[in-house]
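A.B. asks: I'd like to ask some things about the structure below.
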Amino acid sequence: MARPPADPYAINGKFPPPDVSVDVLVVGGGEAGGAAALEAARAGASVLLVDENPVTARSMGDDVPLYFGGRMSGAVQNPGRMLEQVFAASPWLEAAAEAGAEIALSTTCWGAFVNGPALQALPAPVAGLADAERSWMCGFKSLVLATGARDLAYAFPGWDQPGVIGAGALATLLTRYDAFAGRRIVILGSGDLALATALLALDRGLDVAGLVEVRDASQGSPALVEALRVRGTPIFTGCTVAGVDGGPGGVEAVTLAPVTGDGAPQTLACDTLCVAIGQVPAVELLGVLGGRLAPVSARGGWTPVLEGQAVAGLANVFVAGDCAGLGGGDPAAQGRASARAALGLAAEAPASRSAPDFDHHAYRLAWFDALRGDDDVIVCQCEGVTRADLIGVEAPAYVPRPGGGHPHSLRDIAGDRAANPDQVKRLTRAGMGVCQGRRCREQVAMTLARAAGSDLAEVPLATYRAPVRPLPLKVLAAWDEGPAMAGNWDVWYGGSGQWVPYRDIGTPREALHANLLADETSS
């Protein structure tokens, strides 16, 4: 059968080759990513490891990629010092570099793409990379994602002021960056994450005023609870946050109240409130790639479905560390196993991905119910969307609202099921801000689950799209399309029916097209 004639306007065959290509691209420079890069380099593969740390002070101010809560010291303004600090805090990076891996810090992977049903034009699997100045494409034979986990945020009165921070961000500021600007903290949660956070803070010379737990007993390891008890740090069980007092510098005190409502509130002076209720596997790039994801409460939420070490549906994409699911065992062992699988080598030993028997979904919803309070509290800080706006499917306050009510409701959208967060986002703008939903994505899902009376796992996963990190337009615009891609494009130029070929924009022929279109629309 004869092939149809080539379409000069199609992108097929025009996508430029990647600027660089490697055998193994590793995204994430923690223990899992470092071990993967080291293993692949020792096996003789060409390896590039990229890590977005240290991120810019501006990104940290927008709570990207972690919930930094405005508690960074001025040290984050010194890029050279930050690079040295990150490298010194991650000895596995030096080992990988000495083995032959290329290391690129302060480099973001904003998207990864492979040919599939909706994308057939790529010359090879590619990842979009960017630093402060430019964006470029990196081709790869295999991709190892070791992107870790991100912070889980909660809305309550006072949560939108400086000093409310995530556990991952606090650990990063204390260790990787050595740039925490606080002295006395209160920690929400009493699971292993909260207990380990408290012990880290104490080891770094901070004053931990106490841990707060909505349930009647601590949820973490007895050994960690005992280690904290020996240090004299109290755990306030059966309590929730009734309010957060703040001043010009942010948080100054936290008021606790019994969940049951019986008993007097108590106030703890502090300058930082650390939300350590949980973390979420960072699966943004897997979402863009089209990998299979499933909600697994014991692993912390939406996690990749695996076929051996590879992601189901993506034969050349592998995962290691917390992005594969929380509590999955030794991250370095996972990194080594994923690297060997990426190169077609037999693993030295199976990488354990066992998960503890803990229902993260139920625990998060218990906190959601205890912290809920007034539905007028803002859930999406970027767009100013309240919980009432989500439930009522209302546009944010800055968008003019028509009189006589609004045309949508959650029941209209989804019936008796939980609504799709993507639909709610389009109608309310929740999650459309510069933080890209990192502060509100899970809160929106919990709100929709409670509104429908459904399990959290029944709420669809909100879509991830590239770029998965906010990037300046000057960085993305620096990517050169090349003459083959720039030619023969029709571009939507303006008003109704006004099509102008790309090559004619800015030339005398542009007016000719406009006149022709005007004749067509007037006839």
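The values are calculated or read from the model by the stated rules, or taken from the named source; none is laboratory data. If you're wondering where the values come from, they're calculated on a predicted model, not measured in any experiment. Every residue, glycine as well, gets a Cβ built from its backbone with ideal geometry; the counts of neighbours run over all protein chains shown. Note: accessible area is taken over every heavy atom of the protein model, side chains too, but ligands, DNA and RNA are not part of it. Shrake-Rupley method; radii C 1.70, N 1.55, O 1.52, S 1.80 Å.
A.B. asks: With equal scatterers on the alpha carbons only and no solvent term, can you work out the Debye log10 of I(q)/I(0) for the stretch 134-224 at 0.12, 0.15, 0.23 1/Å?
C.D. replies: -0.49, -0.69, -1.31
A.B. asks: Helix 509-522 sits at what angle to the longest principal axis of the chain, using alpha carbons and giving 0 to 90 degrees rounded to 10?
C.D. replies: Roughly 90 degrees between the two axes.
A.B. asks: So what is the orientation-averaged projected area of the chain, using the convex hull of its C-alpha atoms, in nm²?
C.D. replies: On the way: hull surface 123.6 nm².
So the Cα hull casts an average projection of 30.9 nm².
A.B. asks: If the cut-off is a Cα-Cα distance under 13 Å, which aspartates and glutamates reach Lys141, setting aside same-chain residues fewer than 8 apart in sequence?
C.D. replies: Straight-line reach from Lys141, under 13 Å: Asp23.
A.B. asks: Continuing with this model, one more query. How large are Rg and Dmax for the stretch 233-315 when calculated on the C-alpha trace, in angstrom?
C.D. replies: When restricted to the Cα atoms of the stretch 233-315, Rg and Dmax are 20.1, 58 Å.
A.B. asks: Share of the stretch 169-241's accessible area from carbon and sulfur, percent, 1.4 Å? Display every interim value, and only then the final one.
C.D. replies: Numbers: 1410 of 2750 Å².
Taking all protein chains in place, the stretch 169-241 shows 51 percent carbon and sulfur surface.
A.B. asks: Any idea which of Pro467, Leu390, Ser338 is furthest toward the positive side of the dipole for the chain, if Lys and Arg beta-carbons carry +1 and Asp and Glu beta-carbons -1?
C.D. replies: Result: Ser338, furthest along the dipole toward the positive end.
A.B. asks: Helix 31-42 versus the longest principal axis of the chain: what is the Cα-based angle in degrees, 0 to 90, to the nearest 10?
C.D. replies: Approximately 50 degrees, to the nearest 10.
A.B. asks: Using a Debye calculation, one point per C-alpha and no hydration shell, please list log10 I(q)/I(0) for the stretch 261-358 at q = 0.10, 0.13, 0.16 Å⁻¹ in order.
C.D. replies: Computed log10 I(q)/I(0) values: -0.36, -0.52, -0.69.
A.B. asks: Relative to the first principal axis of the alpha-carbon coordinates of the chain, what is the inclination of helix 192-203, with its axis defined by its Cα atoms, in degrees from 0 to 90 and to the nearest 10?
C.D. replies: Relative to the chain, helix 192-203 is tipped by roughly 70 degrees.
A.B. asks: Computed over the Cα atoms of the stretch 188-343, what is the ratio Rg over Rh, Rh following Kirkwood?
C.D. replies: 1.09
A.B. asks: When the chain is fully extended, how far beyond the present Cα-Cα distance does Ser454 get from Tyr398, taking 0.36 nm per residue of separation? Please report the intermediate quantities before stating the final value.
C.D. replies: On the way: separation 56, 0.36 × 56 = 20.16 nm, distance 3.10 nm.
Between Ser454 and Tyr398, full extension yields 17.1 nm more.
A.B. asks: Go ahead and estimate [θ] at 222 nm for the chain from helices alone: -39,500 (n - 2.57) per DSSP H run with n ≥ 4, summed, over the residue count, rounded to 500.
C.D. replies: Computed mean residue ellipticity for the chain: -7500 deg cm²/dmol.
A.B. asks: Please compute the modelled spin-label separation between Asp369 and Asp330, points set 7 Å along Cα→Cβ, answer in nm with one decimal.
C.D. replies: So the label points at Asp330 and Asp369 sit 4.0 nm apart.
A.B. asks: For Arg134 and Ser409, compute 0.36 nm times the residue count separating them, minus their Cα-Cα distance, and round to one decimal in nm.
C.D. replies: The span from Arg134 to Ser409 would gain 94.7 nm if fully extended.
A.B. asks: Between Asp357 and Met485, what length comes free when the chain is fully extended (0.36 nm per residue of separation minus the Cα-Cα distance, one decimal in nm)?
C.D. replies: 40.9 nm
A.B. asks: Kirkwood Rh over Cα pairs of the stretch 33-165 into Stokes-Einstein at 10 °C, 1.306 mPa s: D in µm²/s?
C.D. replies: 94 µm²/s
A.B. asks: Could you compute Rg(Cα) / (2.2 N^0.38 Å) for the stretch 270-322, with N its residue count?
C.D. replies: On the way: Rg = 14.0 Å, N = 53, 2.2 N^0.38 = 9.9 Å.
Computed over Cα atoms of the stretch 270-322, the ratio equals 1.40.
A.B. asks: From the residues Val305, Tyr67, Phe87, which one has its Cα farthest along the dipole of the chain in the positive direction, the dipole being from +1 and -1 charges on Cβ of Lys/Arg and Asp/Glu about the Cα centre?
C.D. replies: Comparing the listed Cα positions along the dipole, Val305 ranks first.
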